[in-house]
Structure formats: C-alpha cells, structure tokens
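Nothing in this text is a laboratory measurement; each read-out follows from the coordinates by a stated rule. Quick caveat: nothing in here was measured; it's all calculated off a predicted structure. As a convention, Cβ positions derive from the backbone with ideal geometry for all residues, glycine included, and neighbour counts pool all protein chains shown.
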C-alpha cells in the first residue's frame, strides 16, 4: 500500500502492546512458569493478573520484588525475580507487520499512540528493541497511576490527546478494555487475529492492508 492510499477518518490510533504490537508475553510467560511448577495454568494466570493490581505494581504504586513475593506466598513457585521476569519478557516478540502499519499511519499524518497496561517492563523492552520511536506518545499505566480497568483512564486519555473521541481508534486484545474505550466515545477493535484485524481496520482506513509483510 502506498502512502497516498491511507485515507482514514481518524486523527489518532491507539495500540495496546502485549497481544497487539507484540505477542502476549505476560500470559505466555505465566503459562510457562505454571507448567514448570506443576500448577493449573488458568488459575495461576488469573491469580498473577489479580496480584499485579492488588500489589499496585501495574500502576507504579508497588514494585516488582513485592509482586513476585506475593505470588510465591500464594502459590509456592520457585525461581528468583530475574528468572521469572525473563520468562515473561523473552516472550514479548514484536510483530513487524503491525509496526509497518504504525509507520504508514504516522507518515500519513495520523497520531499513533501506545496505550498499555504495563509495568516498568515496557521500558525495559524498549531498551532492548527501541520501539517507542515509532510512536508520537507512549501512555503506560505504571507511570500514569491508572490501569485500563479504570474507565476514567480512557476519558483522561481522550482529554490529554485533545482530539474528538469519535476520531480515535483503540486496538486491544482485551474485550473489557475495548468496551471501556467505546463507553468513552472511542472506536475500538478487539484484536483476535491478523486477518480479522486487517479486515476491521480497512473499515476505518480503506485500503489493502493485507499487503503488509
């Protein structure tokens, strides 16, 4: 697709990180930890997701050692913090075809934004892969003090971006996050796979997005 064919009725496109811009390293890493410790994967993932909120780690109110210690106390898993962290971070594999879309949108004059529920791990991943440079703005729950579980996070984002919510498109793999974005007035695509995503994207930005590498 050439740049001239990018014609969107949008001013801003917001991307989740894990599960959209990259493979879902958090869930996949937790799954590997559960397997190694002989635990039920679903129960372990649910608990770890709950604790990342309850410990305040997701919103910068807590720190990583406290998070892992809370999980150890609740489940009996073994492994030091660095080993457990690596199980997660090593599974956040960037998707080049998605970044090609990000770059085309930005070159066409559309603001592109990361809106991520991540800890300081997002900063660590950027140190490795240098992907922040592709975006106009990076909003990370760890630094903002609010997660996407809080509906006001979306209304705050609309206000901060100073653009009509109806001209924003939010892309996330979590249906709850997408619903909260819609309540705030944004358009939203729940990412469930490449083909489905490209088809829905073309409804907002007509063109043959399937040409992406």
Log10 I(q)/I(0) at q = 0.14 Å⁻¹ for the range 25-89, from Debye over equal alpha-carbon scatterers, is -0.33
Going fewest to most other Cβ atoms within 10 Å around each Cβ, 162, 104, 148 line up as 162, 104, 148
For the residue 63, residue 107 Cβ pair and Förster radius 45 Å, calculated FRET efficiency rounded to 0.05 is 0.70
Expected max-MSF residue from 106, 73, 31 in the GNM of the chain (alpha carbon, under 10 Å) is 73
Rounded to the nearest 0.05, FRET efficiency between residue 124 and residue 40 (Cβ-Cβ, R0 25 Å) equals 0.30
Extension length gain for residue 32 and residue 94 (0.36 nm per residue less Cα distance), in nm, is 20.4 nm
In degrees, nearest 10, the alpha-carbon axis of helix 25-36 is tilted away from the dominant principal axis of the alpha carbons of the chain by 30
For the chain, longest principal axis from Cα atoms; helix 41-54 axis from its Cα atoms; angle between them, nearest 10 degrees, is 80
For the chain, longest principal axis from Cα atoms; helix 64-75 axis from its Cα atoms; angle between them, nearest 10 degrees, is 60
Simple spin-label estimate for residue 150/residue 183, 7 Å along Cα→Cβ, in nm, reads 1.4
Options (i) 1.06; (ii) 0.94; (iii) 0.98 are given for Rg/Rh (Cα atoms, Kirkwood Rh), and the computed one is (iii)
Two pseudo-spin positions, 7 Å from Cα along C-beta at residue 204 and at residue 50, lie apart in nanometres by 3.3
